[in-house]
Structures are given as structure tokens and as C-alpha cells.
Amino acid sequence: MISTYDLYLLIDNTLILGTNTFLVFEEEELTKVDFKVKPKEKLAPRNPLIFNSYVLIIKDSILYLY
């Protein structure tokens, strides 16, 4: 017997490196199978990301995790 809980994949945050082409393809494929995901955010010098309770920053092509 499979419980309802087993049907859901619980992931807090995931970092993905990819081209815009790959990210568009991935979004289309996930939409086809009705798989719900958080909206994507893009790391940029003026847009730090919160990742698993840390802040990820890029400055002068160097990544910092605080």
C-alpha cells in the first residue's frame, strides 16, 4: 500500500546550473506532467538568493555563502 505522503517529493531548495534553453525545456516538461515546483530565481550581483537558510551572493565572479 502506498500512502499519500509517499506520492510527494519534499525538497527545500535545489540549485541548478543551466542555459536558458535547458531551463525552458525543463519547465515545459514539468508542466506536461503537472509537477508543481517553486518559481525559479536567478542569482545575479544585485539579486542574492536564500538557499537552505543561507544567503548566496555573487560578487566579482566569486560565490559567497553566508
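Remarks
- Here the stretch 4-65 is treated as an ellipsoid with the same Cα gyration tensor; its semi-axes, largest first and in whole Å, are 26, 17, 8.
- Under Karplus coefficients 6.51, -1.76 and 1.60, residue-wise ³J(HN,Hα) of the stretch 24-31 in Hz, glycine/proline x: 5, 4, 4, 4, 4, 5, 5, 5
- Cut-off under 5 Å, modelled amide H: who pairs with PHE51 long-range: LEU56
- Using θ = phi - 60° in the Karplus curve 6.51 cos²θ - 1.76 cosθ + 1.60, the 3J(HN,Hα) couplings for the stretch 36-52 round to 7, 9, 5, x, 6, 10, 9, 6, 8, x, 9, 9, x, 10, 8, 9, 6 Hz; x is entered for Gly and Pro.
- The stretch 4-65: relative contact order as a whole-number percent, Cα under 8 Å and 6+ apart: 20 percent
Taken together, the values in this text are just the output of simple stated rules run on the coordinates, not laboratory data. Note that the coordinates shown come from a computational prediction; the quantities given were computed from them, not determined experimentally.
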